[in-house]
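The block underneath contains the structure these notes are about, expressed in C-alpha cells.
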Amino acid sequence: MLLLGIRSLLMIIYYTTVGKKEEFRRSTESDKTDLDIIRENHRFLWNEQDEEDLTWEKKLAKKYYDKLFKEYCIADLSRYKENKFGFRWRIEKEVIAGKGQFFCGNKRCEEKEGLKSWEVNFAYVEHGEKRNALVKLRLCPECSYKLNYSHRRKEVKPDKKYREQLSLEQPPSKKSKSSYMEKHHSRSRTRTSKGQSSPDQSHKLSEAGKESEHSEEDETSDAEYWKGPSKDADEKTREEEFDDYFQGMFL
C-alpha cells in the first residue's frame, strides 16, 4: 500500500509539473464502432463462400444484411452522365414509408406519380472482386431518363393477371359509375318495353287474337263441308245387305 501511494504521488507530481496532459491519454486511432465494422465487412449479396469461416466482425455485418429488404433498391443517380450508379437495399423505415416502391427509388427524389419498374444488371467491385447482381427499382419519368441516359434498360411490366387483380381491387371512378348506371337503366327500359305493353297495344293484340280465332273456325267449317255427308252409324253397306239376304234364303 505504501508503494502504491508513493507511485501515485510521483505521478501526480510529474503530471502537474513536468509531464503533459496528452501523454496520459489513450490513443483512439485504432478504435472502431459497430458502424465502422459493418462498413468494412458489408457485402451487397452474401453467398455460401462468404459465410465460411465467419469472424465476429463478419457475423455482425451478416446480421445487419439479414435485416435489409431486398425486393427493390434505392439508387444514387448523381453521376448518371458517367454511367455510374450506386445501389443499396432498403431499410425498415423506408419500407414502411413506401420509399422505393410507392415513391421514387432515387434517394434525392420523392415523386410518386408515373412510376415505372426497371431491371438493372448491377456490376460492382467488392473487396477486390468483380460481381454482378440483377436488381429492380422503381423510378419516376425524370429519374428513369437518368437511368437510361447511356443505354436502355429493361422495363418490368406487370402480368395480365396482376392487372386484373388491380382493376378488381381499385374502386370504380365516378365516370365508370355513371356509365354503369346509364347502361343499367337502358337495359331495364328495354326489358320493360319488351315485357309490358301499353293498353292500346294490348287491346289491338286482343282484337287480333279474336279475329284469328274466327278465321280458324271458318276454315274448319269449310273443310268439313267439302268432305261430304256424314255417315250414319246404322247405315249398312251392300256387302252386308247381300250377306243378310243369303242367310235368309238358307234358313
Suppose R0 equals 30 Å; then what is the FRET efficiency for Tyr149 and Tyr64 from their Cβ-Cβ distance, rounded to the nearest 0.05?
0.40
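Once the piece of chain linking Phe87 and Leu45 is laid out straight, how much longer is it, given 0.36 nm per residue of separation minus the C-alpha distance between them?
Extra length available between Phe87 and Leu45 comes to 13.9 nm.
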Shape parameters for the range 77-165, alpha-carbon atoms, Rg then Dmax in Å:
14.0, 46
Please give the FRET efficiency for Val95 paired with Tyr14, using the beta carbon to beta carbon distance and R0 = 41 Å, rounded to the nearest 0.05.
0.10
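Suppose every K and R has +1 on its Cβ and every D and E has -1 on its Cβ; what is the size of the dipole of the range 38-161 about the Cα centre, in Debye to the nearest 20?
Approximately 520 debye in magnitude.
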Could you tell me which of the pairs Lys59/Lys136; Lys84/Lys136; Lys67/Lys154; Lys58/Lys99; Lys70/Lys93 are separated by over 18 angstrom between their Cα atoms in the structure shown?
Lys59/Lys136; Lys67/Lys154; Lys58/Lys99
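Bear in mind that the values in this text are calculations on the coordinates, not laboratory data. What you see is a predicted model, and the numbers here were worked out from it, not measured in a lab. Here the Cβ is made from the backbone with ideal geometry for all residues, glycine too, and neighbour counts use every protein chain on show.
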